[in-house]
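Down below is the structure, laid out as structure tokens.
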Amino acid sequence: MSRIGKKPVTIPAKCEVKLEENKTITVKGPLGQLSYQIPEEISAEIKGNEVILSRSSELPSVRSKHGLARNLIMNMVNGVMSGYEKKLELIW
């Protein structure tokens with residue numbers, strides 16, 4: 001999961017991301033608002049239109065939280081921008 005955690009999360013134009021002092025990240029978009037409490041071992045910063053996450057150590061548990069936090073934030077951004085979508089494929 002560490003390779004996933006190193007990728008920055010891009011913030012679209014109509015999306016607003018705020019990082020509060022208590023390590024809570026809030027994402028607002030046209031379809032709503034979501035928030036997430038980042039684990040203590042992970043630090044986040046917003047640079048331009050990207051959210052960059054870094055970890056405090058190389059322990060396996062911290063590495064997995066790094067990738068998890070990045071994916072959760074990316075899914076929050078996708079959720080407030082495009083919402084939930086379900087596609088079914090019918091095969092005859």
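Just so it is clear, none of the values below were taken in a lab; they were calculated from the coordinates. Keep in mind the model is a prediction, meaning the values are calculated, not measured. Every residue, glycine among them, receives a Cβ derived from its backbone with ideal geometry; neighbour counts consider all protein chains shown.
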Along the Cα-to-Cβ line of L59, 7 Å from the Cα, sits a label point; which residues in the range 11-50 have backbone N less than 18 Å from it?
-> 38-44
Over the range 2-81, volume per residue of the alpha carbon convex hull, in Å³ | 74
Can you give the helix-only mean residue ellipticity at 222 nm for the chain, where every DSSP H stretch with n ≥ 4 adds -39500 (n - 2.57) and the sum goes over all residues, rounded to the nearest 500 deg cm²/dmol?
-> -10000 deg cm²/dmol
So what's the angle, to the nearest 10 degrees on a 0 to 90 scale, between helix 60-82 and the longest Cα principal axis of the chain?
-> 40
Sorted by mean Cβ packing within 10 Å, highest first, what order do the peptides 3-10, 18-25 take?
-> 3-10, 18-25
Using the structure shown, select from K18/K86; K47/K87; K6/K28; K18/K87 the pairs with a Cα to Cα distance greater than 27 angstrom.
-> K18/K86; K47/K87; K18/K87
